[in-house]
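Enquirer: Shown below is the structure under consideration.
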Amino acid sequence: MLPRSLRGRYTRPAALTAAFGAAGYAVYRYRNSATTAARASFTLPVKSRASDGSVVTEMKSIPYLTKEDAERKLTENAWSTTIPRAGSSGKGVWRYETAFLASNNPIEDANAQMVVQPAEKDFWGMKGDKARDLLFFAIMDGHSGFKTSRLLAKTLIPSVALELQSLVPHDDAVPNKKQRSLLRYFISYFGFVSHPTETSALYPFHTDPKYVSTAIETAFANLDSQIVNAPIKAVDALTQGNKDMKASDLDPKSLEYQLTVSALLPALSGSCALFAMLDASNNDMYVACTGDSRAVAGYWDVDKNGKGKWRVEVLTDDQTGRNPKEHQRMQSEHPPEEASYVIQRGRVFGGLEPTRAFGDSRYKWPKEFQLRLQQLFGEESGLTIRRPPTDLKTPPYVTSRPEITHRKLPFNSETSSSKSCSSSNLRFLVMATDGLWDRLSSAEVVALTGEYLNRVAPNGSPSSSPPPLTVSKSDLAQTTVETPTSLGVLGKGTPQETPTSKEGAWAFVDKNVSTHLIRNALGGADENELHKLLSIPAPLSRRYRDDLTVTVVWWEDRPEATESVGVKAKL
């Protein structure tokens, strides 16, 4: 049965109604007798280096995890949160669910969330009935280690929140009444604002997407500047400016040495970052992307005949050297003589795939400083300091500056009503590291998420406890529509495909929508493929799948707050 909060808004497309009829039920079960239970292991090709230096390929036997261990591995790192939505008279809730699955050991992905709910006033200083929620979400995709991503998990959201606070300049910041009047006149006269100021602030910068986007971008840049520049200051302090000092001259046990190593770790590794802010006070959603993680939005579009489909909007571009816009940007930011080699094989100097990232100081530090690090820190430091790229001449080549997308949230009396039949209604946001997009397309993710939310009641339990289902991929594909202007720029190639990738079925068995997406990325209803991918241990697993982290955010009305209208039939 459809969630009551969604009835009247979503009408199942005819193709799926037929597919999910009584004869179309397909209960999802582990097929132990014919598949994995009959075999204790499987083999995979593994490359190794022989004694003569040549590369040889050998077949390695990999034991299957038990069914219970495989399921535990898939579902153990998942959580769900439901909170009341301020200003909805107790009728609305926020829901967000996150899950991750490691391939690297330890995992190089990270994630963070922060919700600011009003007490006496909200984040922007609004009081009483005008106070609303502010939600922050971030996922990080680390590389060359986990130090950068874990640091960002602790610092990125607070850094942005601190920068955003500067957008609320209150009158008491300028104590003299005459000075306040002159300042208002100056701001208005020189065109810094496009609408009147409020009594509580000289200008409500937090309502202007231009200023909010600038604040987010500034926070990203300042945080990365600290990550990249802290080691330079630490090394200068450690060596007291002596550029002739060598590793043998340093004491690895000294506090100064250990602090320098700690500063170097998040600068030597790197991380992409995907950030989202949902501002219910101003009905604004901002998505900021640095790197090749991706965010997609699902809209429920209803035509004049009352029939609906999920519309896909990709909110971010994959920022890699295979993205023509990024390739051109990289070439434009460096001398013409570097244009032919700054991007090689879709990567920065043929090495780093994302063209924007935090850390990755190998592409940001001057070559002289990197050679100095090699001179100062040997094996005893525990650091892996690679030689700078051969063609590094005019760093930095990698930036943390994000691309920011702004969209309006549907929180007003017209679109939040259960009786509304909006022609286009933003319903959910999916954020994920590239491990998901390597295996699923944006349209598949929106279709899987939209259909999942159609089946789940607001309290998180399956509506009317329907049996677990499998849905054919061809049928589910008919529930979505893509438009050329909303697909973003792909920089990762197409998702990994097998001869049967367009055949088979998706699985709908999970209690967490993010786990649901990860399961279907790894095989869905193809239990053999899922079981095999979950059984491959690190580091071999990295050849077959990346770390996966997914966060899904959506909003809905409580059951008691809406009338029971629209489709009521069981699936």
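Enquirer: Residue by residue, what Karplus-based ³J(HN,Hα) values in Hz, rounded to whole numbers, does the range 234-244 have, using 6.51, -1.76 and 1.60 with θ = phi - 60° and x for Gly and Pro?
Expert: 5, 5, 4, 5, 5, 9, 6, x, 7, 7, 9
Enquirer: Binning at 10 angstrom from zero up to the longest distance, how are the C-alpha pair distances of the range 249-396 distributed in percent?
Expert: P(r) for the range 249-396, in whole percents per bin: 9, 28, 25, 19, 11, 5, 2, 0.
Enquirer: If amide hydrogens are placed 1.01 Å from N in the peptide plane, which non-local residues have theirs closer than 5 Å to the one on GLY92?
Expert: Answer set, sorted by chain and number: ARG85, ARG558.
Enquirer: Return the sequence-ordered ³J(HN,Hα) values of the range 346-354 in whole Hz as given by the Karplus equation 6.51 cos²θ - 1.76 cosθ + 1.60 applied to θ = phi - 60°, using x for Gly and Pro.
Expert: So the J values, rounded to whole Hz, are x, 10, 5, 6, x, x, 7, 6, x.
Enquirer: What list of whole percents do you get for P(r) of the range 327-413, with Cα-Cα distances grouped in 5 Å bins up to the one holding the largest distance?
Expert: Going out from 0 Å in 5 Å bins, the range 327-413 shows 3, 12, 20, 20, 14, 10, 7, 5, 3, 3, 2, 1, 0 percent.
Enquirer: Put +1 on the Cβ of every Lys and Arg and -1 on every Asp and Glu Cβ in the range 67-117; which of VAL93, LEU74, ASN111 then has its Cα farthest towards the positive end of the dipole?
Expert: Positive-end residue among those listed: VAL93.
Enquirer: Once you place label points 7 Å from the Cα toward the Cβ at LYS511 and ALA50, how far apart are they in nm?
Expert: 5.3 nm
Enquirer: Name the aspartates and glutamates eligible as straight-distance cross-link partners of LYS233: C-alpha to C-alpha under 12 Å, and not fewer than 8 places from it in the same chain.
Expert: GLU256
Enquirer: Give me the accessible area per residue for the range 320-416, probe 1.4 Å, as a whole number in Å².
Expert: On the way: 4670 Å² over 97 residues.
Per residue, the range 320-416 has an accessible area of 48 Å².
Enquirer: Mind giving me the nanometre distance, one decimal, between the label points for LYS233 and ASP251, set 7 Å out from Cα along Cα→Cβ?
Expert: If labels sit at LYS233 and ASP251, their model points lie 2.4 nm apart.
Enquirer: Another question, if that's okay. Between their Cα atoms, which of LYS73/LYS511; LYS91/LYS511; LYS121/LYS408 are more than 19 Å away from each other?
Expert: On the way: LYS73/LYS511 15 Å; LYS91/LYS511 23 Å; LYS121/LYS408 22 Å.
The pairs that break the limit, which is 19 Å between Cα atoms, are LYS91/LYS511; LYS121/LYS408.
The values are calculated or read from the model by the stated rules, or taken from the named source; none is laboratory data. Computed from a predicted structure; not experimentally measured. Counting neighbours? That spans all protein chains shown, and the Cβs are built from the backbone with ideal geometry, glycine included. Calculation scope for accessible area: heavy atoms of the full protein, side chains included, ligands and nucleic acids excluded. Shrake-Rupley method; radii C 1.70, N 1.55, O 1.52, S 1.80 Å.
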